[in-house]
1. Just to be sure, is ASP132 under 29 Å from TYR255 (Cα atoms), among the charged types (D, E, K, R) and under 19 Å from the mean Cα position of the chain (by Cα)?
2. Across the range 61-92, what is the number of residues that are closer than 30 Å to ILE398 by Cα and either among the hydrophobic types (A, V, I, L, M, F, W, C) or in contact (Cβ under 8 Å) with a residue 60 or more places away in the chain (or both)?
3. Please indicate, with yes or no, whether at least one residue in the range 106-119 is buried (at least 19 other Cβ atoms within 10 Å of the Cβ) and closer than 22 Å to SER298 by Cα.
4. Please tell me if LEU384 is in a strand (DSSP E or B) and either buried (at least 16 other Cβ atoms within 10 Å of the Cβ) or assigned by TED's automatic domain parsing to the domain that holds GLY257 (or both).
5. Scan the range 6-42 for residues that are over 27 Å from PRO76 (Cα atoms) and β-branched (Val, Ile, Thr) and report the count.
6. Regarding the range 402-416, can at least one residue be identified that is in contact with a helix residue (DSSP H, G or I) (Cβ under 7 Å, 6 or more places away or on another chain) and surrounded by 14 or more Cβ atoms within 10 Å (Cβ to Cβ)?
7. Test of understanding: among ALA370, ALA353, ALA301, which residue is modelled with pLDDT of 65 or more, among the hydrophobic types (A, V, I, L, M, F, W, C), more than 25 Å from the chain's Cα centre (by Cα) and at negative phi?
Amino acid sequence: MSSTWLSQADYSCDMDKGSVCIYHPGSFHCVRSIQASPTYGSGQQCCYDKTGAQILTGDSTSGSSPDRVHEMGSHPYRVATRVPGLSHWLADVQSYFYCCLWSDHCDVYFARRSSMDCRRYEPPRSGVVIGDGNFVTFDNLEYTFNGRGEYDLVTSPDKELSVQVRTEQVKLKSGALREATRLSSVAMREGSSDVVEVRLAGGQMGSLQVLRNQRAMPFTEQSRMDLHGVFMSSPCPENVTVMFASGVGLEVRAYQGLMTVTVLLPTAYTNHTHGLLGQMNSDLSDDLQTRLGQVLPSANATPEGIFSFGASWDILNETFLFTYDSKYLLDTHTRTPDSGSGLTPALYVPEDAGGPLAEDTLRVLQIHQALQQTLQPVVACGWLPSPKNGTKHGKLYIQGGNLSFSCDDGYTLTGSLQRSCLPNGSWSGEQAYCT
C-alpha cells in the first residue's frame, strides 16, 4: 500500500474504518491530498486495490481521479471556485453523479478526469528526534545529544522555515532526576503562517497539547483544521500531524512517555537546511555542522564534540517560537556540560543502561526505519492501453510489473506478447496490436 505524506485517508473509502467505497467499488483504500494546489486550488485522489496497486481510470471506473476543487477549499475562500464543500460539490461530485451514477457516460467523465500515476512523485526526506535525545538526520546519521534547553531542529532562512524543540531533564517515577533529557515540546512556523506548538500534556506522560500562536486549541481526536498557512490533523490524542503549504510535514507522537518528532521535507529543501537534523544533501560527513559553520567529522566524533555541536544550536532569543507560561519558563538553556543550568548530561552510556526506556526508544527507531522504506523512490513506467480488439492482462505499472496481451477470436497479435517495467522507467518490448 503506497500513499504520500501529502495525503490522508478518504473518509468514504478508508481501510482502517472498514468503508465500503461506494464511489469506488473494487477499491480497498483511497487517499486525498491534504491541501489544495497553490495555483489552481485543485486536489488529487489516489485509490488502491487489496494488493496495494494503484487503480487507474484507464482500467476501471473505480480508479483515482483528480479534483478540480479541493474539498476543503483554498485561499481566498470567498472566491466562487474555492468555497469549502460547495465548490467541490458543484465541480466534482455533481459532475460525477450526472455522468456515472445517473447515466452511462462515465467514460466521458474519466476521459477528462484521468488518473495521475506516480511517475512524477518525488518522496520527501525524513529526519527524526526520539524523546530521549536520539537523532537521525535527513542523511540518516544517528547520534545522541542530551542537552537541556531549546534548540533549532531545522532552520532554513531562505525558505523561511523554523522548527524548534524543547528538552527537559528526565524524572523517574521515584522523583529522582537522571543525567539525561527528553523531548517535551516542538514549535514550528513557515513564512507568515501561524505558529504551531505541540507538547506533552502537562509536560508528562499522556496525550499531546496543541497551541496556536501561544493559545491552547480544543484539538480533539479526529480533528482537522485548515489554519493560516498550515493544516493540522489528529487521528488520536497521541498523534498530531502538521502540514505547511510548501509540502513540509511534521508528525508528533507521544508513546510511553516519549515524544517523537518526524520531519519530512520536499526535495526543494535540498542544500537549504541547518540545525540538529543536519544538512539535507545526501552527505553524512557535514551533518554535524555548528551554527558558526564548523563541521565536526561524523566518522570519529566524540560525545563531547557532539554535545558542543548540539549546544551551538541553542535558540537565539530573538527567534524563539515557544510559549513561556508558568510551567515552561525560559531557564533551561544548556550551552556546555558545566554551565549554570544545573544539568551535567551523561556523555557516555553506562554498560548496564537499558530497561523500558531503551526498549521504547528501539521500538520508535524501528518505526522510523520502516517509514524510510516506504519513502524510497518509486520507478513507474506509466499506463499502457489494451490493444484494440484484444485484452490486457495485469494492472501493475511500477518496476517489476508484467503485462501480457491477447487478441479476440479472429485476430492475430503482433508486437510483444508480454512487457515488463524496467528499472530505468521504460517498458520492455514493443506495443501490441491485434490485426
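The values are calculated or read from the model by the stated rules, or taken from the named source; none is laboratory data. Keep in mind that what you see is a predicted model, and the values were worked out from it rather than measured. With ideal geometry, Cβ positions are generated from the backbone for all residues, glycine too; neighbour counts draw on all protein chains shown.
1. Numbers: under 29 Å from TYR255 (Cα atoms): yes; among the charged types (D, E, K, R): yes; under 19 Å from the mean Cα position of the chain (by Cα): no.
Here the answer is no, as ASP132 does not meet what is asked.
2. Initial filter on the range 61-92 (closer than 30 Å to ILE398 by Cα): 61-71, 92.
Next cut, either among the hydrophobic types (A, V, I, L, M, F, W, C) or in contact (Cβ under 8 Å) with a residue 60 or more places away in the chain (or both) only: 69.
Counting residues in the range 61-92 that are closer than 30 Å to ILE398 by Cα and either among the hydrophobic types (A, V, I, L, M, F, W, C) or in contact (Cβ under 8 Å) with a residue 60 or more places away in the chain (or both) gives 1.
3. No, the range 106-119 has no match at all.
4. Values: in a strand (DSSP E or B): no; either buried (at least 16 other Cβ atoms within 10 Å of the Cβ) or assigned by TED's automatic domain parsing to the domain that holds GLY257 (or both): yes.
No, not satisfied.
5. Here the count works out to 2.
6. Initial filter on the range 402-416 (in contact with a helix residue (DSSP H, G or I) (Cβ under 7 Å, 6 or more places away or on another chain)): none.
Scanning the range 402-416, I find no residue that is in contact with a helix residue (DSSP H, G or I) (Cβ under 7 Å, 6 or more places away or on another chain) and surrounded by 14 or more Cβ atoms within 10 Å (Cβ to Cβ), so the answer is no.
7. Values: ALA370 fails: more than 25 Å from the chain's Cα centre (by Cα); ALA353 fails: modelled with pLDDT of 65 or more.
Going through ALA370, ALA353, ALA301 in turn, the sole match is ALA301.
Results for (1) part of a loop (DSSP other than H, G, I, E, B); (2) over 27 Å from GLY382 (Cα atoms), shown as yes or no for each residue.
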position: GLN8; (1), (2): no, no
position: ASP16; (1), (2): yes, yes
position: SER37; (1), (2): yes, no
position: ARG78; (1), (2): yes, yes
position: LEU90; (1), (2): no, yes
position: PHE97; (1), (2): no, yes
position: SER103; (1), (2): yes, yes
